1. DSSP loop trypsin sites (Lys or Arg not before Pro) in the range A:422-477 with at most 14 other Cβ atoms within 10 Å of their Cβ, which ones?
2. Using modelled backbone amide H atoms (1.01 Å from N, in-plane), which distant-in-sequence or interchain residues come within less than 5 Å of B:S42's amide H?
3. Do you know the relative contact order of the range A:116-261, to the nearest whole percent, from alpha carbon pairs under 8 angstrom that are 6+ apart?
4. Mind giving me the FRET efficiency for B:E32 and B:E742? R0 is 41 Å, r the Cβ-Cβ distance, nearest 0.05 is fine.
5. Find, to one decimal place in angstroms, the Kirkwood hydrodynamic radius of the range B:177-255, where the mean of 1/r is taken over every pair of different Cα atoms and then inverted.
6. Please report, in whole Å, how far the alpha carbons of the range B:692-785 spread along each principal axis, starting with the longest.
7. In Å, what is the Rg of the alpha-carbon atoms in the range B:518-583, and how long is Dmax?
8. Run the label-point distances for A:I127 please: 7 Å along Cα to Cβ, every other copy, nanometres, shortest first.
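The values are calculated or read from the model by the stated rules, or taken from the named source; none is laboratory data. Since this is a predicted model, take the numbers as computed values, not measurements. Note that each Cβ is placed from the backbone with ideal geometry, even for glycine, and that neighbours are counted across all protein chains shown. Note: accessible area is taken over every heavy atom of the protein model, side chains too, but ligands, DNA and RNA are not part of it. Shrake-Rupley method; radii C 1.70, N 1.55, O 1.52, S 1.80 Å.
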Number of protein chains: 2
Amino acid sequence: MRYGYFDDKNREYVIENPNTPMSWVNYLGTAEYCGIISNNASGYAFYKSPKSGRLMRFRFNSIPMDRPGRYVYIRDNADGDYWSASWQPVGKPLDSFKTRCCHGLGYTRFESEYRGIKSSYRVFVPIDKPLEFWELEIENTSDKERELSLFTYVEWAFWDMNQDLTNFQYILYTCRMDYQDDIIDYTLRLWPFREPKAFMASVLPVESFDTDREYFIGRYRHEGNPIAVEKGKCSNSIAVGGSPCGSVQNRISLKPGEKKYALYIVGIGDAKSVGAEYKRIYSDRSRVDEEFTKVQAYWNDRLGSYTCNTPSEELNRMVNIWNQYQCHTTFNWSRSASFNEAGGRDGLGYRDTNQDTLGVVHAIPELVKNKLTDLLKGQFSFGAAMHQIQPLTWTQGDHNVPPESRIYSDDHLWLLISIPAYLKETGDMSFLDELVQYADRGEASVYDHLKQALEFSWGKRGPHGLLLGMAADWNDCLNLKGKGESIWSTFLFFRGLNEFIEIARRVGREADVKRFTAYRDEIRESIDKYAWDGKWFLRGYIDSGKKLGGQESEQCKIFINSQTWAVISGAADREKALKAMDSLKEYLATEHGIVKNYPAYREHIAEVGAITTFPAGLKENGGIFCHANTWAVVAEGMLGRGDRAFEFYRAFLPAAKNDMADVYTMEPYVYSQFITGKEHPYHFGRARNSWLTGTATWSFVAASQYMLGIRAEYDGLVVDPTIPHDWDGFTATRVYRGKRFEISVSNPSRVCHGVKKLVVNGEELKGNFIPFDRMKAVNKVEVLLG
Amino acid sequence: MRYGYFDDKNREYVIENPNTPMSWVNYLGTAEYCGIISNNASGYAFYKSPKSGRLMRFRFNSIPMDRPGRYVYIRDNADGDYWSASWQPVGKPLDSFKTRCCHGLGYTRFESEYRGIKSSYRVFVPIDKPLEFWELEIENTSDKERELSLFTYVEWAFWDMNQDLTNFQYILYTCRMDYQDDIIDYTLRLWPFREPKAFMASVLPVESFDTDREYFIGRYRHEGNPIAVEKGKCSNSIAVGGSPCGSVQNRISLKPGEKKYALYIVGIGDAKSVGAEYKRIYSDRSRVDEEFTKVQAYWNDRLGSYTCNTPSEELNRMVNIWNQYQCHTTFNWSRSASFNEAGGRDGLGYRDTNQDTLGVVHAIPELVKNKLTDLLKGQFSFGAAMHQIQPLTWTQGDHNVPPESRIYSDDHLWLLISIPAYLKETGDMSFLDELVQYADRGEASVYDHLKQALEFSWGKRGPHGLLLGMAADWNDCLNLKGKGESIWSTFLFFRGLNEFIEIARRVGREADVKRFTAYRDEIRESIDKYAWDGKWFLRGYIDSGKKLGGQESEQCKIFINSQTWAVISGAADREKALKAMDSLKEYLATEHGIVKNYPAYREHIAEVGAITTFPAGLKENGGIFCHANTWAVVAEGMLGRGDRAFEFYRAFLPAAKNDMADVYTMEPYVYSQFITGKEHPYHFGRARNSWLTGTATWSFVAASQYMLGIRAEYDGLVVDPTIPHDWDGFTATRVYRGKRFEISVSNPSRVCHGVKKLVVNGEELKGNFIPFDRMKAVNKVEVLLG
């Protein structure tokens, strides 16, 4: 039930048994070049766009489950036996093939030993160049001299991923491969006359090569038994048309105890110029080491702005390493490409990206500001927003405006969450005055963008005065349409009003304060009248006027989001808030997390939407949607119920699944989109769709801001922990507006919540707030709970 | 270099060595259910539409090259050794595994023998039901009693092929598999609430089953070593979400010499009702035999309308069996789905389908008439045509009208080839008066549709009075646009004018005769003035005014199509025609066929088009496009040069490639789209893209009408052979308007062309023409050449 362990010191997850239930992957690259690599060296790469810049081919939902990838084969020339530097694709029996895969921050390393040959194979992408390094250290631990061949293998994709998958009449007749001076040249000519180029270079002299997949693999063979490796020699094939690949063979001999180093570079650019230059530079190994050092520095910098040390080792390793790593990965790559996202939908999801900023804004506020500006450009002058934007190709115009039926009730409102968070983190109130274009026409200040978002929603209220559900709210599968109303969207709107009123007050826009306070009062009245069902909050009303959720609903009676956001929005009074969260615990919480709704839909209901297409327990229909789980942690944090917050937090915490991996199946070091719910007949507790999920950002927010309780505000920092009562305290560090905080919380009375004493730099302050004017460059903060 | 042979008696192609260079496939099904199956039982199936009705999954351009398919595994329970009824996917060593794959008309059979177990596995699709039969006869040829397990395997696709390839967030959470009474139920719920259903039934009792691919295959395994088969038992897995499959296990014991029969049925419909009913019916094996007999009758009927017996065994087997089989397959499935057409583009290609009628109109004129009506509905009221139509979902309206830049110069003109052919074959002149809707608005008689086609082209002439090339002509990759003119389209137009003038004359529309004769005269003048380059015909003019083709062209100097169609259109005088065809032979003809152009383009030229993107020797750029080769045969046939016609015919004849299969690589029993040309650096002679190609129809037309010379005309049948001089004659049979002809041609003087004497039913007739009024129900025709 366990395949690996956390090596916190080296910030690695170490997979000792490579026969994992699913591919456990890592992301390489941080800027324009993205590589994805599994614990068996499978995966792919793209440049700028996974949709139109796909460099390496990957076969999704295929058999075996992850092929191809970045393979290095090792062959003993004495008897022809061969294996791979990662367990797969050759897949030698694990009793004789010893192997570990170490996923680290921005790199993955495979350590293997077989028949007296030890290899360490490390792949990483440098910070600022569109290429990847494949480093192989190989050592003879036997007592005989050994003659080995090394073979690399990559399968090139045809850049445009949709054509690659379907248009064989065309793509199979486009490539014009070449080879020169130990470098494979990947060139093709695409209509209308583009010629993207890439290369694979070997620093060791090349003995033979293949650029044509057919020759390397052979008839009715696969990556596990390629004919070239079996024969011990490539065919020097040049693909002109056909399926291009890249394989180079090196021959090396190793005396007993001897170690050698091979380096392969795969990257974007012309082989003869760019490739040759990189090969020249990186023939000096120290230059590769420098690149690796830069990658480490990048992650040290990113992750160093917030650290903690609590009694929970699982929480520590997630917050300090993996959760933050996932936050930045999600921020960098949105929902572009993974092993389940094929990359056909690239660019930025509007609501996704707004939320993705929350988990990184403390570390990289400048980059967040740029992303927020991209997002603002996806908002229409009438207030709503594009559901997805492509910043690389964005142009203003009416072509961006979708039909009314494709407008979502929540997309634009997320600006009221992301932008206040940025303002609180940075104090950069001048951002509000910056002029940013709308997606359709015109431009406005950021302040007016926010205002328009609220005005749009104000105009989209239904018969009960609640927000219309429109195409969908955050839950893409609740398609209420018509007169259907979303109580969740209404809560988001309520929270947005609160945020905006605060901003308007701070910038002295009293008319707006008044106007939007009136909106808020009216909305609150509707909520009080129509949203409460006695023991919990409804989810909304459907087009025919029936309640969505609630005792009288025929199928699903209670939903997670309207309970958590009743609290998060500030719309519920404490009594209802507690009752709602207690009902959530009673009906929805399980040992693997909180299901989204209960009982799950069994029959479809057209006016409820796509949620009713999914089998019970999967995805939005009774699945444990991790993103929504984080909000329960936030809500309990806000309510001060630390035991329950931590219970909810840990239930879906990947690190807590390490020893039940055959149930959980996905990576124990990053969040997945969902865990199969209790109503599924077979797979309760099984996760799916890891890495690129809003869970990352909100889970970090929940832990760092609402459990550990360290939150940026406009005028300073709040420290207001909500922790399990059996914690005796914790320490944390944080950077805020360039100042450093070293926070020590002690909990001698074993409470969950309540700051009794706050001492900053030796001086006691009132409450739980450190105002900006009391801050020094480095601050020692002591907090006593009780 | 040889993998199989033709068994003409049984009308089978028998593959003795399954390790073929490419998948050699067959088509099963004739109506709404289509199955494709390779010589290793790989392939897929769809119902009605390969795009939205994809039942079985296939991984295109994958490794191994063709997976999955319709697999039956056989396992010896005594020691656990297992193999498959086809060589792959298990792929036992061929020295111990004896196997043959027999592709027949509408069925494929695998005969294998391994360790004293003989199996004969036959797959076919009945004529009128959406399902397929998998029949397994298994025999113990050893002297011990044997305990065996049989396991089936199919992987279900998610109906919508594009979603299946990319939308894993969705498709992996849609299936709700079930199992009952030896039948696997494949059900899923798709947005918006469709629930397509299919099933796999076993007539023998089921020992165990799997419906979840993960359980059957196992981690890091594949179809070649599924864990269920290795263990000897399935897991009875029910996939609810995930990747659904179908596998049932039967256990059988066989005494020495004993034979047993297993039947599996895979089909469309609800398992519990439809599946159970089929299982009940076909538990009586004689009912399966009846279905098979109907399939044979279908093909006997289709192929029986034209037969020949010539000195060329290769020509005989193609014309009598495989070429006609391919013609009907192409007619039935257009270009929908193959191993290289993924099915994303389904429906009918306009020019393709028009031409596809030519090879079958003598056998199934009524079905051709329906198809022509579908095509007429794809024509616009202004004369041009849709490039593709979807008869299943066609609705009239302006939504069908593409932008001007996407209109082709030839699509609509093919109606002037296909409809006259139908009229000549059937004499059904009343078809001309039938009213058919236009694609955009209104309706008109078929006669007026034809007229509009010509009027449209007349209005689309360029600076030299030749037809504009527009988006493209027949050659999709020649994108002349702007003022670019296509001489090939002009020839097609010229031929169309001839056909129409003839029709107009026959229906007494004298004003039209006059009008279009004037058009023809004017066009002929432009051709005489601007199309001839001294030794051959130009291909056109490009937008900038330069010649396309011709001595002064910088890259490509001569194209095939303008030479052949100069003859076929009737536009060239005999002197130029001969000169042009001699130049074609000199510059373009090779031992593997005639290349499309020479020298191939090396650098791209935007105003010539996509042809200049392809590497030299591939596809349209210097490849041997087989479709275009057939026209050279027609042209030489018309010119009476029988030796050359046959030389051209045989050069690309698949049957003539049987003993050079490692060069040719594709099926020797059906045509491929193209053969790699002489300018390719590595693969001259290698074919690609078999089965669904216009080559089929025109090759049959070339052989039957222009070499054997038996052609339908409005008032009777022409018999005017053009054959190699060393043939001493041939015999042929043909059905024409319900009458039967038994034709015997003798060639004692060893000429290529020229009917010296024609005797019909004992009576000598003048010339080479048998008028309708001299025909009896059965006619004995004797022809003397000389």
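1. In loop regions of the range A:422-477 (DSSP not H, G, I, E or B), the sparsely surrounded trypsin sites (Lys or Arg not before Pro) are A:R441.
2. B:R70
3. It rounds to 32 percent for the range A:116-261.
4. Using R0 = 41 Å, I get an efficiency of 0.65.
5. Radius from the Kirkwood sum: 13.3 Å.
6. 40, 33, 18
7. 11.6, 36
8. 7.5
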